[in-house]
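The values are calculated or read from the model by the stated rules, or taken from the named source; none is laboratory data. On a predicted model such as this, the values are computed, not experimentally measured, just so you know. All Cβ positions, even for glycine, are placed from backbone atoms using ideal geometry, and neighbour counts span all protein chains on display. Note: areas computed on protein heavy atoms with side chains; ligands, DNA, RNA excluded. Shrake-Rupley method; radii C 1.70, N 1.55, O 1.52, S 1.80 Å.
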Amino acid sequence: MKRGNWRSSGTDRHRQHSPSQWRSRHRSAHEEQEYSSESTAGDAGPSTASSSAPELPGFYFDPEKNRYFRLLPGHNNCNPLTKEGLQKKEEERKRSALLAEDDGPRKKAPRTGLNSALLLQKRHLGLLPPSSYSRLIHEVKVSGMHRHQLEVQRSNSTSPNTDNFHLIVADSACERVFTVNDVSHGGCKYGIMNFHGCRKGSLSVEMCDNLYFTNRKVNSVCWASVTHTDSHVLLCLVGISQTPGCVSLLPASLFSNFNPDQPGMLCSFKISTAWSCAWCLNPQADKTFSTGLSRQVIVTDAVTGRRATYLAGSDVLAQQFAVRAPVLFNGCRSGEIFSIDLRQRDRGRTHGWKTNRFFQESAITSIQLLQDENYLLAADMLGKIKLWDIRVKRSVKQYEGHHNEYAYLPIHVNEPEGLLLAVGQDCYTRLWSLHDSRLLRTIPSPHPAGKDSIPNVVFSSQLGGRRGLPGLLMAVRHDLYYYSYDKDYQDGLTLEGQF
């Protein structure tokens, strides 16, 4: 900056310290306090001043007003300007701009020159294999998805939903979604959402909840196949006061209008605070589930109650069973990922029972096995998402753009569609190509970002089952949104109007 500009700034400072100016500046704690050089704007113009304005301790430069404003300590409740507040304001401005752009009729293609017509032409000419066509057409469709707010119809109540969604987890066919909602008095309530797609291209949601409340926090949820596929739901509940944590196995029929008098097997297992859980689908470990605890893993037979305990060096935050073999994969707070073969007998302190073992740089928040079961996706609290080749214990791909610093956030894999999804701590939902790790789309949240506003998502090409609709389901606070493939999607159809 020129010397003359600094002299002008100094003159301004002397003028501000006159008694009348000092009293005027301190009339209200909410008034912005100016520290600016107007001659700078006259010499270089607003755009040049905003890009070349030096940083001054205790002040921030507003490029729109071309002025400096004083920053007061952040703990002062009367202060309108703090670094945290300014950062939050800027993030909200960016979110609003991206949301307006995302709601526009035209969206950016994930790959240059890629569109449905061109893909169809290449397929007819035999230039594109069916598997590649399916993957690329999904990329085109997800890049053009449009947002619609869904009205959740309740089977036993006409009042609108005012309880924030805490978790949503879809069953294997995406016919039902189990929900955990935070209620106003501090507890939780459970429910199952059923989806109905119709020939007119509309999606309707019916919620069936049960008066099954708990004051305990829910750490983890997964579907369990006890009597048939996805017949039950497994929940890890945190202990409070002198009440220890437990794992509950709830029949899904509790949340149905059919056969209300025959709920099925309902069990509760006394297991101290569990961070994660997983259900085994391999016949060699039938009706077996695992729980990840602090420095140990417990594998339990849901019928007999027999347990096997494996010591770990850190808290086990994520788990998943393989299907082809009774092998359990675990992700730890230390960044370690290891597997347990349930057929091995040795469970000593030497950790010799760990059939695979490799590390990421931070705490593992989610792991997902691919269908090949030689590859595993892992996300951590540094925002890194890596694809590992288990056979050589080496990372072969990394998916850039995910944001996480300390939150317990899942990742979602849709391998038939070739997609990877994750919601970041910044409340943006990102979709990548599973094939080449390209970031396909970033979806801003419909609500302002916050710790209690991180979206929960479910993606499927058949929401509601075989006759369902493709798209993304997003639960934010107490609202439910549907991102549809079809730009001509119709809102507002009720269940009665579909049949």
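Here are the numbers for the structure shown:
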| quantity | calculated |
| --- | --- |
| Listed residue pairs exceeding 28 Å between alpha carbons, taken from K189/K287; K94/K384; K108/K189; K270/K354; K189/K451 | K108/K189 |
| Stretch gain in nm, segment I240-L439, where the contour uses 0.36 nm per residue and the Cα spacing is subtracted | 67.5 nm |
| Taking only Cα atoms of region 389-499, radius of gyration then Dmax in Å | 16.1, 55 |
| Under 5 Å, built H, 5+ apart or other chain: amide partners of D380 | T365 |
| Heavy-atom accessible surface of region 148-415: percent carbon and sulfur, 1.4 Å | 47 |
| Rounded accessible area of R70 (nearest 10 Å², 1.4 Å probe) | 90 |
| Unit Cα scatterers, Debye sum, region 148-415: log10 I(q)/I(0) for q = 0.07, 0.13, 0.16 Å⁻¹ | -0.26, -0.91, -1.32 |
| Separation of the T112 and D62 label points, Cα + 7 Å toward Cβ, nm | 4.1 |
| Net lengthening on full extension, D301/S314 (0.36 nm per residue, minus Cα-Cα) | 2.3 nm |
| Net charge over other residues, Cβ less than 11 angstrom from the Cβ of V233 (K, R count +1; D, E count -1) | -1 |
| Charge dipole of region 148-415 about the Cα centre (unit charges at C-beta), most positive-ward option of S314, T214, V396 | S314 |
| Amide H within-cut-off set for L419, under 5 Å, with H built and near neighbours excluded | N414, L434 |
| Distance between modelled label sites at Y133 and H403, nm, 7 Å Cα→Cβ extension | 3.9 |
| Region 319-467, relative contact order [Cα under 8 Å, separation at least 6], % | 13 |
| Accessible area (Å², per residue) of region 400-499, counting only protein heavy atoms and a probe of 1.4 Å | 42 |
